[in-house]
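Okay, so here's the structure we're looking at.
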Amino acid sequence: KAGVTQTPRYLIKTRGQQVTLSCSPISGHRSVSWYQQTPGQGLQFLFEYFSETQRNKGNFPGRFSGRQFSNSRSEMNVSTLELGDSALYLCASRSSGVNEQFFGPGTRLTVL
Amino acid sequence: QKEVEQDPGPLSVPEGAIVSLNCTYSNSAFQYFMWYRQYSRKGPELLMYTYSSGNKEDGRFTAQVDKSSKYISLFIRDSQPSDSATYLCAVNSGNTPLVFGKGTRLSVIA
């Protein structure tokens, strides 16, 4: 079974721009969560989607948003990029009723 | 107080050594305990998943949970250079967001 895939793998943007990241979960997994990983803060939860509905949201500003499509694929968007948004953005999926989460390889975003 | 505390290391051991990695957590509502391994420039890979207090073994890896002291451990026996990675502990209350430790960077020297 294919794992979680994320595109693009690397991205370079400038301050003020916006960016959209994509995640395809493991086949059959309907829950997708997004996390931000930085050297200073570690892994922090952004939001979780299940059946196209946001189920949980972390403590991030409104510039960070996401959505999920009917095929469970998910996108996250960051608007008005700041230097501090440079990070590895990780997507994780899990099957409904199961707690174990499986991560993709991440998208490394660099904001200049 | 952070919800999950983990010594960032780095930890350097000779090949064949027994490695002990540890985390403490503050909230007794956390009932599920995980260890992830993350190689450089890769996503975290789920290594161990436990629910109850006690030990769970999988090959050279043993996860240990002590809910009374809110302490979780991962032991690696006969460590190999391929075990060199960052190890992250994570906890949650079941179908809730994972709360991670900062990770411990491990180097196993041949």
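Here the residues A:Val32, A:Val4, ranked from fewest to most Cβ neighbours within 10 Å of their Cβ, fall in the order A:Val4, A:Val32. Excluding A:Gln101 itself, what net charge comes from residues whose Cβ is under 12 Å from its Cβ, given Lys and Arg +1 and Asp and Glu -1? Summing Lys and Arg as +1 and Asp and Glu as -1 gives -2. Taking other Cβ atoms within 10 Å as a rough exposure proxy, B:Thr24, A:Thr107 sort from fewest to most as B:Thr24, A:Thr107. Out of every Cα-Cα pair that the protein assembly as shown contains, those further apart than 32 angstrom amount to 18 percent. Between segment A:24-77 and segment B:1-61, what is the C-alpha centre distance in whole Å? Measuring centre to centre over Cα atoms gives 23 Å. Using only alpha carbons, chain A has a radius of gyration to Kirkwood radius ratio (Rg to Rh) of 0.95. Only Lys, Arg, Asp and Glu carry charge here, each on its Cβ (+1 for the first two, -1 for the last two); on that basis segment B:41-110 has a dipole of about 240 debye about its Cα centre. Volume per residue for segment A:1-42 equals 114 cubic angstrom (convex hull of Cα atoms).
The relative contact order of chain A comes to 36 percent, based on Cα pairs under 8 Å that sit 6 or more residues apart. Taking the Cα atoms of chain B, the ratio Rg/Rh between the radius of gyration and the Kirkwood radius comes to 0.95.
Is the C-alpha gyration tensor of segment B:1-64 telling us rounded, prolate or oblate? Criteria: a/c under 1.5 is rounded; beyond that, a/b larger than b/c is prolate, otherwise oblate. Cα axes put segment B:1-64 in the prolate bin.
Since every read-out is calculated from the coordinates, none of them should be taken as a lab result. Since the structure is predicted, the reported quantities are computational estimates derived from the model, not experimental observations. Quick reminder, even Gly has a Cβ in these numbers, built from the backbone with ideal geometry, and neighbours come from all protein chains shown.
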